[in-house]
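Everything on this sheet refers to the single structure shown next.
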Amino acid sequence: MKTRKAIAQFGNYTLLIILGALFALPFIYTLYTSLITMQDVNKLAGVSNWTFDNYKMFFTNDAYNVPKWLMNTVIMTAVVILGNLIINPMVGFALAKLDFKGKKLIYWIVVGTMMVPYHMILIPVYVNVAELGWLNSFTGLTVPFLYQALYIFMMRQFFISIPTEFIEAARLDGLTKVGAFWRIVYPLARSSLITMSILAFSGTWNSYLIPVTLTSDPSMYVLVVGLNSVKDMFFENTPLIMAGVVLATLPILIFFFIFQRQYIEGVSSAGVKG
């Protein structure tokens, strides 16, 4: 019995390693290509031929301002994540634990909003941002996205699983509903909050359609938009393009690997619970 169990476990790990390697191959190829020169494209170049010149070109060439684009992306992503960490849990908690008129209607509006592709409301968002004078600004890039219907739904599903007795006990100890939320309920949602942060980070960091629509000033470009303009300038320089892809992808991978355990726990706890 133990032998069969060991063989089955070995087979499962072997399969996972193979699948993991297959999924990692595209990024490995991208990383490898970013470290070689044009002469070595489509060849197997030795380590001695690898170079960081493609990355240096991004940060030293005056034709494009990658440090500025990178900083714009960091600011936009940080503000959006912070807003989602504050607004979405508050709304989710209200829909899960508070009783007020119109609660079910608001809930179904949130659910209905999740079914609408963002491309369909991009033009109204652009018109509103333009009328407010927020084009080519961090305000326009962040304020409309400080909350997301999907994350509100996810937080609501988690808060449903928390016993109401916790909140009632906190109220008996003298806490208000707001105090009970921030001091008792909010810390319990750590896994779901980290899951939401990872999803918001990847979605915001990689966002292209929204920033390219709301910005036309190169100094306000985010990294993905700026690198896309570089791609148009150096379409045939494959290693340089691949270096840009690595720059855009690596922060997401690092962020995920740091919080992957909490992400898995958060996905499990965010399932539909009623």
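Quick check of the Kirkwood formula: for the chain, what is the inverse mean of 1/r over all pairs of different Cα atoms, in Å?
Values: mean 1/r = 0.0457 Å⁻¹.
Radius from the Kirkwood sum: 21.9 Å.
Using only DSSP helix segments of four residues or longer, with each worth -39500 (n - 2.57), what per-residue ellipticity at 222 nm results for the chain after dividing by its residue count and rounding to 500? Display every interim value, and only then the final one.
Working: 14 runs with 193 residues, N = 274.
Calculated at 222 nm, the ellipticity per residue is -22500 deg cm²/dmol.
Listed highest first by mean packing, meaning other Cβ atoms within 10 Å per residue, what order do 73-82, 4-13, 145-154 come in?
Details: 73-82: 18.8, 4-13: 9.7, 145-154: 20.5.
So the peptides 73-82, 4-13, 145-154, ranked by packing, come out 145-154, 73-82, 4-13.
Based on alpha-carbon centroids, what's the gap between the range 111-146 and the range 16-79 in Å, whole number please?
Between the Cα centres of the range 111-146 and the range 16-79 lies a distance of 31 Å.
Are there DSSP H segments in the chain that both extend 27 Å or more along their axis (alpha-carbon positions) and score a mean Kyte-Doolittle hydropathy of at least 0.5? List them, or say none. Write down the numbers at each step before the final one.
Details: long enough: 2-34 (47 Å, 0.82); 66-97 (46 Å, 1.36); 238-258 (30 Å, 2.40).
Both cut-offs are met by 2-34, 66-97, 238-258.
Find the percent of Cα-Cα distances in the range 2-55 that exceed 14 Å, and round it to a whole number. Can you show the working numbers first?
Numbers: 928 of 1431 pairs.
Result: 65 percent of Cα pairs exceed 14 Å.
In whole Å, what three semi-axes, largest first, describe the equivalent ellipsoid of the range 71-158 built from its Cα gyration tensor (square root of 5 times each eigenvalue)? Mind showing how you got there, number by number?
Details: eigenvalues 134, 53, 24 Å².
In descending order the semi-axes read 26, 16, 11 Å.
How many Å² of accessible area per residue for the chain, probe 1.4 Å?
Ligands and nucleic acids excluded, the result is 60 Å² per residue.
Can you compute the equivalent ellipsoid semi-axes for the range 97-231, i.e. the square root of 5 times each eigenvalue of the Cα gyration tensor, sorted largest first and rounded to whole Å?
On the way: eigenvalues 261, 58, 39 Å².
Semi-axes (√(5λ), whole Å): 36, 17, 14.
Given R₀ = 51 Å, what would the calculated FRET efficiency be for residue 52 paired with residue 172, taking r from the Cβ atoms and rounding to 0.05? Show your work: numbers first, answer last.
Values: r = 61 Å, r/R0 = 1.20.
Given R0 = 51 Å and the Cβ-Cβ separation, E is 0.25.
State the percentage of accessible surface on the chain attributable to carbon and sulfur atoms; use a 1.4 Å probe and exclude ligands, DNA and RNA. Write down the numbers at each step before the final one.
Numbers: 11230 of 16360 Å².
The computed percentage sits at 69.
On the first, second and third principal axes, largest extent first, how far apart are the outermost C-alpha atoms of the range 1-140 in Å?
66, 66, 26
Under a point spin-label approximation (7 Å from Cα along Cα-to-Cβ), what is the residue 78-residue 100 distance to one decimal in nm?
Taking the two extended label points, one gets 3.1 nm.
Counting only other residues whose beta carbon sits under 9 Å from that of residue 239, what net charge do I get with K and R as +1, D and E as -1?
On the way: positive: none; negative: 40, 53.
Neighbourhood net charge equals -2.
If I stretch the segment between residue 45 and residue 253 completely, what's the gain in nm (0.36 nm per residue apart, minus their alpha carbon distance), one decimal? Could you put the intermediate results ahead of the total?
Values: separation 208, 0.36 × 208 = 74.88 nm, distance 2.53 nm.
Contour length minus Cα-Cα distance gives 72.3 nm.
The values are calculated or read from the model by the stated rules, or taken from the named source; none is laboratory data. All values reported here derive from a predicted model rather than from experimental measurement. Note that each Cβ is placed from the backbone with ideal geometry, even for glycine, and that neighbours are counted across all protein chains shown. We work out accessible area using only protein heavy atoms, side chains counted, and drop any ligands, DNA or RNA first. Shrake-Rupley method; radii C 1.70, N 1.55, O 1.52, S 1.80 Å.
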